[in-house]
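Before any comments, here is the structure.
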Amino acid sequence: MTWDKTQPMVSIKNVHKAFGDLKVLKGVSLDVMKGQVICIIGPSGSGKSTLIRCVNALNDIQEGSILVEGQEVNDPNLDKLELRKKVGMVFQQYNLFPHKTAIENVMMAPIRVLKQDKATAEATARKLIKKVRLEGKENAYPGELSGGQQQRVAIARSLAMNPDVILFDEVTAALDPETVGEVLRTIQDLAEEGMTCILVTHEMAFAREVADHIYFTDRGVIVEHGAPDTFFNNAQDERTKLFLSQIL
Amino acid sequence: MDIFFEWFRHLYDTTGINLPFIYDAYDRNRMIDGFWMTIKLSITCLFFSTIIGMVGAWLQGSPLKWTRRIVNGYIQVFRNTPPLVQMYFFYFAIGSLLPKVATDYGGEAPLLGSFAWAAISLSFFAGAFNVEIFRSGVEAVPKSTIEAAEALGFSRLQIYRDITLPLALRVSLPALNNNLVNLVKTTTLAYAIAVPEMLYEANQIWSDNVNVTEMMIFLLLAYFFLVGILVWGMNRWEQSMKIPGYGE
Amino acid sequence: MNNRPYKTDMPVLLTVKPMSGDKFNFKLKLWHVFPVLLFVLFYSTFGFADAGPAKSSVFETLVRWMPLLLKGFLFNLLISVLAMGVGTAVGATLGLGQISQSAWVRKFAWFVTQFFRNSPWLVLLFFAMFLLPFEVEIVGVKIPLPDWLKATIGLSLPVMANVSEIVRGAVKSLPSGQWEAAESLAYTRTQTLWLIILPQCVKRMLPPWMNLYSILTMATVLASIVGVSEVMTLTGQVLSSEGGRPELLAPFYSFVLLLFFAYCYPIARFTVHLEKRFAVIS
């Protein structure tokens, strides 16, 4: 499939997903252009996390299509390996490998999956750890790092694969308030460098400042979306206004 | 060395404390043989019970219902029946069904001797516990960690080899070590089918020399130190495998 | 694919769940006796075809000797109950000794516990059989110690050591906040122990204690090696009285295995059930 920069990098069209009988996504569509930062917000259970997990094929979808750089994700013959080289993901629970040091965590995937040699992988890993401002902690194990530090290692780990788009699934939800800032700053740096990001988040101040577009989901559908200014100051739908009044 | 041994004979003459397995060469050799037999039996059973444990844990994850049921049935039977009766069953009941082989001097001997049956019986006994231990270890690896590896593009085999197995091993190590210690203690059951291990040889010596008290105390001390060394060694290994930051 | 919602707890590695027997959904019901009887019946026809006209079938032999074997099994159970009782009483004391304030008591209790924990059960059994006198004299009264009683004492030694460890483990597993709260309420150490700590420990001690009982029951057959007349010795005697027929070996040993399984498996399942009920959310 040919794809060029004028087309959306990620194109979600009318996606339906159910867990057994429970319908979680009921026809969601959104487009993400290259270099954009998209924030998806909404109450719990609205399907936000499920949605982005569908983008890198961790969850399957029953109906609809998801195109990543022109490649259909909802395809039984999908090469998941190729997809995950393009799409990185950072989880709420960081999910670092506890038996490897920070730098080994970052190096592992390039060596095993991209088949890089150890020297190259290590050099890249060091650069990335420096980039997320964790210089000096290369040889620490995850158990010895704080939550915010672990999350930044997780971000470095995804970056090591050189993805085209990164998915962030409520990455600050489990952190202490003091450490939330350092993680958000790291994401902001990435965004300013032009990385395409899709974030599910509760951090409204961050969304307002960094996002190019905000989507509000509730009970499996996108209720409203818009640029940050319009969205926060001039919400149209009642549900959006209710949610914003509770959050802000 | 002889002076050392003779001192014990002198001890016997003066105080009546009879330790023939030190001063008498024949008894000494018997005792040493018994000790090595215990070690040999323990190592053999350790090896096979570990394999049985790994195979059993793998079969337990089989999609076939009857495979799972047979494995679970095996575990429940071997864990809830006396190992001594299991050994008798193997040695007498199954042993009598096997064909006999001709010995050099024209007689007939059973195909498998008592050591073999003791090893088989105890391996299955310890193996039943190992299956549960291995399974618990694999289950203790959080699904989210596996998912993070998936999101990085690792294949199923790579995940099993680089993440699941190392973590599962570290988690199950205390239980595996406990099982090993119990195995060494259970080798004494082989006495019942005349395997010449430590207890058997000690019995022979006290039957010849009528020095039950001394032999008993020696046996207790011998096992105390044998198990003690094993536990110490296992603790050292556990410590070296410890993941920093996890646990305490 | 993972459909479970994320927990807010952030395990680096999950704690190991207690061993579950739950995957094997087998509840011992009365009708389960029938497939067993069917098997023995099948075996008996097989045996009958093998044996000569004068010999009775395997099934008949088994049924004939069953009352005796069952009586022997009940004797095993008696030994197990007695050994458990004595072992628990002494072991609990030893366990409390391990958490004593006095360093000497602690060290002594620890040493005794480790010594008897590291020893094989069979060796301890021999130890008791040979070194205990055949009768004791207490306050002028001569009490004979028959073999089975010596065996019971011998088996209570490892029980004592394991109960001591169970008690110590349970007390240690309580959060130190409990002790601190009691201290700040001006409880003495004894009061804290008996009113606050131990009542909470009972729940935690029950599953491993029941597991120990199951192991002990299975260990009572060791008494056959030292000559006590329990189910295994009786089985051996029965087999030899039947002329050592090889076709009887498997059925008779299977029957003994079945007896123990029927007794110990429900205990194991109940223990798993208790573990789940008393699962501590820490």
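The values are calculated or read from the model by the stated rules, or taken from the named source; none is laboratory data. What you see is a predicted model, and the numbers here were worked out from it, not measured in a lab. Counting neighbours? That spans all protein chains shown, and the Cβs are built from the backbone with ideal geometry, glycine included.
Taken over region C:154-194, the criterion of being touching a residue at least 40 places away in the same chain (Cβ under 8 Å), among the hydrophobic types (A, V, I, L, M, F, W, C) and over 22 Å from B:N182 (Cβ atoms) is satisfied by C:V171, C:L193.
The set of residues in region B:78-91 being part of a helix (DSSP H, G or I) and either on the phi > 0 side of the Ramachandran plot or among the β-branched types (V, I, T) (or both) consists of B:V85 alone. Scanning region A:112-136 for residues that are surrounded by fewer than 18 Cβ atoms within 10 Å (Cβ to Cβ), assigned to a loop (DSSP other than H, G, I, E, B) and free of Cβ contacts under 8 Å to residues at least 40 places away in the same chain turns up A:K115, A:Q116, A:D117, A:E135, A:G136. Tell me, yes or no, whether region A:234-245 has at least one residue that is of a type in the set (D, E), in contact with a strand residue (DSSP E or B) (Cβ under 7 Å, 6 or more places away or on another chain) and modelled with pLDDT of 85 or more. Yes: region A:234-245 contains one or more residues that are of a type in the set (D, E), in contact with a strand residue (DSSP E or B) (Cβ under 7 Å, 6 or more places away or on another chain) and modelled with pLDDT of 85 or more. Within the group A:T217, A:T230, A:T196, which residue is within 17 Å of A:V10 (Cβ to Cβ) and out of contact with any helix residue (DSSP H, G or I) (no Cβ under 8 Å at 6 or more places or on another chain)? Exactly one residue qualifies, and that residue is A:T196. Taking strands (runs of 3 or more DSSP E) as the structural unit, those lying wholly within region A:174-248 and holding at least 3 residues that are within 18 Å of the chain's Cα centre (by Cα) correspond to A:196-200, A:213-218.
For region C:77-115, what are the residues that are closer than 23 Å to C:I267 by Cβ and touching a helix residue (DSSP H, G or I) at 6+ places or on another chain (Cβ under 6 Å)?
Initially, region C:77-115 is screened for residues closer than 23 Å to C:I267 by Cβ, giving C:77-92, C:95.
Answer for region C:77-115, where residues must be closer than 23 Å to C:I267 by Cβ and touching a helix residue (DSSP H, G or I) at 6+ places or on another chain (Cβ under 6 Å): C:I79, C:S80, C:L82, C:A83, C:M84, C:V86, C:G87, C:T88, C:V90, C:G91, C:A92, C:G95.
Considering only residues in region B:115-145 that are hydroxyl-bearing (S, T, Y) and free of Cβ contacts under 8 Å to residues at least 24 places away in the same chain, the one that is surrounded by the most Cβ atoms within 10 Å (Cβ to Cβ) turns out to be B:T145. Scanning region C:184-196 for residues that are part of a helix (DSSP H, G or I) and under 19 Å from C:S102 (Cβ atoms) yields C:R189, C:T190, C:Q191, C:T192, C:L193, C:W194. From the list B:T164, B:T145, B:T186, the lone residue that is hydroxyl-bearing (S, T, Y), closer than 30 Å to B:G73 by Cα and within 9 Å of another protein chain (Cβ to nearest Cβ) is B:T186.
Would you confirm whether any residue within region A:81-100 is surrounded by fewer than 17 Cβ atoms within 10 Å (Cβ to Cβ), within 19 Å of the chain's Cα centre (by Cα), in a helix (DSSP H, G or I) and within 11 Å of chain B (Cβ to nearest Cβ)?
yes
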